[in-house]
1. Along Cα→Cβ, 7 Å out, is where each label goes; now give me the distance between the ones at LEU62 and LYS81 in nm to one decimal.
2. Hey, rough spin-label estimate for LYS170 and ARG99, points 7 angstrom out along Cα→Cβ, what's it come to in nanometres?
3. To the nearest 20 debye, what charge dipole does the chain have about its Cα centre, counting +1 at the Cβ of each Lys and Arg and -1 at the Cβ of each Asp and Glu?
4. Work the Kirkwood hydrodynamic radius out for the stretch 263-398: mean of 1/r over every pair of different alpha-carbon atoms, inverted, in Å.
5. Assigning unit charges at the beta carbon (Lys, Arg +1; Asp, Glu -1) and nothing else, what dipole magnitude in debye, to the nearest 20, does the stretch 12-126 show about its Cα centre?
6. Toward the positive end of the charge dipole of the chain, about the Cα centre and with charges on Cβ (Lys, Arg +1; Asp, Glu -1), which of PRO218, VAL80, MET341 goes farthest?
7. Check the straight Cα-Cα distances from LYS41 and name the aspartates and glutamates below 19 Å, setting aside those fewer than 8 residues away within the same chain.
8. Only sites in a loop by DSSP and with at most 16 other Cβ atoms within 10 Å count here; which chymotrypsin sites (Phe, Trp or Tyr not before Pro) in the stretch 87-178 make the cut?
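The values are calculated or read from the model by the stated rules, or taken from the named source; none is laboratory data. Here the structure is a predicted model, which means the values were calculated and not measured. With ideal geometry, Cβ positions are generated from the backbone for all residues, glycine too; neighbour counts draw on all protein chains shown. Surface accessibility is based on the protein's heavy atoms, side chains included, excluding ligands, DNA and RNA. Shrake-Rupley method; radii C 1.70, N 1.55, O 1.52, S 1.80 Å.
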Amino acid sequence: MGPRIVVLGAGESGVGAAYLAQQQGYDVFVSDFGAIATNYKKQLEDWKIAFEEKQHTEEKILNAIEVIKSPGIPEKAPIVKKLKGKGIPVISEIEFAGRYTNAKIIGITGSNGKTTTTSLTYHILKNAGLNAGLAGNIGKSFAYQVATEKYDYYVLELSSFMLDDMFGFKVDIAILLNITPDHLDRYEYKMENYVASKFRVTQNQTASDYFIFCADDPETIKGMQTRSFTAQMLPFSIEKTIETGAYLDNDNIVINIHQQHFQMSITELALQGKHNVYNSMASGIVAKVLELRNETIRESMGDFKNIEHRLESVGKISGISFINDSKATNVNSTWYALESMTSDVILIIGGVDKGNDYTMLNELVRQKVKAIVCLGRDNDRIHKAFEHDVDTIIDTISAEQAVQAAYHLATKGDTVLLSPACASFDLFKNYEDRGNQFKQAVKEL
C-alpha cells in the first residue's frame, strides 16, 4: 500500500478525488460526517475504496499524510482543527488534481456570474474545436476528469471555499468577475477575509499568465491597491474605454489584446442584461487570449443557452412569464436578476438568510416589483426590508404555494421571478431541488 490519503466529504469532489488518489497509488480512505448519497456510495464500492458515513473516526483520519477536504466543510469543524493541530496538510480537490495534469487552466471566480461565465467560456472553447473540460463547482469533478480524460484545457468555476484550500495550484488565465458580500459567516463576518480568499485565484501566477478583472467593481479595485500581480492584466469595463482589455462603445463590446481585435453588438448576445455584458466580456477576453476566430466567438456568444436555475425561462401561462433563478442564493444575484427584468415583477424571495443586507434591492424593488411572495420558514427580515417598497408581501412554505400565490397576484404581461437571495436548506435539499419544485408547480397551474 502507498502513503495514506484521507478524503473528507463524499460528494462530487470528494469521490472524484478518492478515485484519482487511488489511481495514483495512495491508500485511500473516505470519511463523511453525514449520509453518503446512494450513487456516490455505489461508486466507492465499485472502486473498492474504503469509506465511512455519519461519523469521523479519528484513528482512521489522523494517520494520513495529507487530507483532501470538501469545500463545504468549514475550517472550524472539529476534525479539521485536529488535523491542523497535528500539522497534517488539508487541501482542496482542485489542489490535488492540479498535480496530475499539464492542461492549461482557466479559473473563474467572483461572487456572481461565475457559473454563467464558466459555461460560456467552455462553450466558446468547445465550438472552436479545443479539447476542453468543464469542472470545479460545475459538472463532473476536476479530479475525476484528470483521472479519466486527457484534456488540453480546463475551464474551472472556483468558489472562495475551494480557493481557501489551494496553495501550490496555479491558474494560467484567472478571471475575477466581482466581489460582493457573501458567505461572510465562513469569514468571521470580515469582508477583508472574503476578499483575500477571492484574490487567491491569482496566486502563483507568472509573467506569462493573465489576470482578467472588472475595472468597474469597487471591491476588486480596492483589493488590488494593496496587492501586487505578476500576470498580464486585462481589465474589462462598461463605464470607460480600456486600451488593452474590453470595453463598451455605443452598445458594442470591443476587445483589444496584443493585435487581437473583436467587436460585437450587445443586442446580438444570447445573454441579456448589464451583468451579462460583463460576463460576455470576460469570456471574450479569454477567447482572444487564446487567439480564437472572431466568427467562432460571435456565434458562441449568440447561441449560448444559459444553465438550469439561472434566469431560466420556464414558460408563459395566461400571458404571465415564469423565470427560475433559484441559483440566486445571495442578494447581489437577485439584484442582477431584477436589473435584467423589462416588465413588472412578482418576486419570490426567501430561504436561509446568511446575514443578508437587502438595502441594495430597495430601489429596484420600488421600480419593478408589484408584490413579494416569501418562500421560507422565517421571513421577518424580508418583511422589514421591503414593507415600505411594496404594498403586498405574503408568506408561503412550499414551491406550490408560492407559485399559486404569485400567479394570482400577477396580470397579463407580468413576470413571476423566483430569485430567492437566500440559501435553500430550510425547505429544500439544495437550490436545484428548489428550482425543480418551482418548475413543477408552474407546470401544474
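1. 1.4 nm
2. 1.7 nm
3. The dipole of the chain has a size of about 720 debye.
4. Numbers: mean 1/r = 0.0598 Å⁻¹.
The answer is 16.7 Å.
5. 340 debye
6. Comparing the listed Cα positions along the dipole, VAL80 ranks first.
7. Cross-link targets: GLU12, ASP27, ASP32, GLU52, GLU53, GLU93.
8. TYR100, PHE167
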